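A.B. asks: Sharing a structure below in structure tokens format, with a few things to ask.
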Amino acid sequence: MKYLALVYYDERIINAMTQREWKSLVGECLACGEGLRGSGHMQGGEALQPVDTATTVRVRNGKVSTTDGPFAETKEQLAGFYLLEARDLNDAVLAAAKIPPARLGSVEIRPVRDLLAVVDS
């Protein structure tokens, strides 16, 4: 089963890091990704640019509107994601617990919905 692990942290913590601390964290994340790929858990993933680069899109009555910034103001911001393959939620939790930014913020795990299964049923 596929799970999306959404990585959240307070960007102020990241911005306060020294260059050395930041490079160390990035190195840990890259090594974590390699380990998760090697174990067959990681199907994909990417880091995201800071929240101030976000644009929110809404369509109401056929009219498109955009807003600079994220959908909601929160203490922690979405920093990236890992697409995981896991036997079950417990297996996904064990994999997500290896993601280094979990020490700084949180990792939300959500099962991926198979829309084709809905259409085909």
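A.B. asks: Scan the range 42-63 and report the pairs whose first residue is without any contact (Cβ under 8 Å) to a residue 12 or more places away in the chain and over 23 Å from ARG12 (Cβ atoms) and whose second residue is part of a loop (DSSP other than H, G, I, E, B) and of a type outside the set (Gly, Ala, Ser), with Cβ atoms within less than 9 Å and a gap of 6+ or a chain change.
C.D. replies: Sorted first by the residue in the range 42-63, then by its partner, the list stays empty.
Yes or no, residue by residue, for (1) surrounded by 13 or more Cβ atoms within 10 Å (Cβ to Cβ); (2) in contact with an Asp or Glu (Cβ under 9 Å, 6 or more places away or on another chain); (3) of a type in the set (Gly, Ala, Ser); (4) not in a strand (DSSP E or B):
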site: CYS32; (1), (2), (3), (4): yes, no, no, yes
site: ARG37; (1), (2), (3), (4): yes, no, no, yes
site: GLU46; (1), (2), (3), (4): no, no, no, no
site: GLN49; (1), (2), (3), (4): no, no, no, yes
site: ASP52; (1), (2), (3), (4): no, yes, no, yes
site: THR56; (1), (2), (3), (4): no, yes, no, no
site: THR66; (1), (2), (3), (4): no, no, no, no
site: LYS75; (1), (2), (3), (4): no, yes, no, yes
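A.B. asks: State all residues of the range 78-116 that are part of a strand (DSSP E or B), of a type in the set (A, V, I, L, M, F, W, C) and within 15 Å of GLY33 (Cβ to Cβ); if no residue qualifies, say none. Give the derivation first.
C.D. replies: To start, the set of residues in the range 78-116 that are part of a strand (DSSP E or B) comprises 78-85, 106-111.
Retained after the next criterion (residues that are of a type in the set (A, V, I, L, M, F, W, C)): 78-79, 81, 83-84, 107, 109.
Selection gives ALA79, PHE81, LEU83, LEU84, VAL107.
No value in this document is a laboratory result; all are computed from the given coordinates. All figures in this text were calculated on a predicted structure; none of them were measured in a lab. For neighbour counting, all protein chains shown are included, and Cβ atoms are generated from backbone atoms with ideal geometry for every residue, glycine included.
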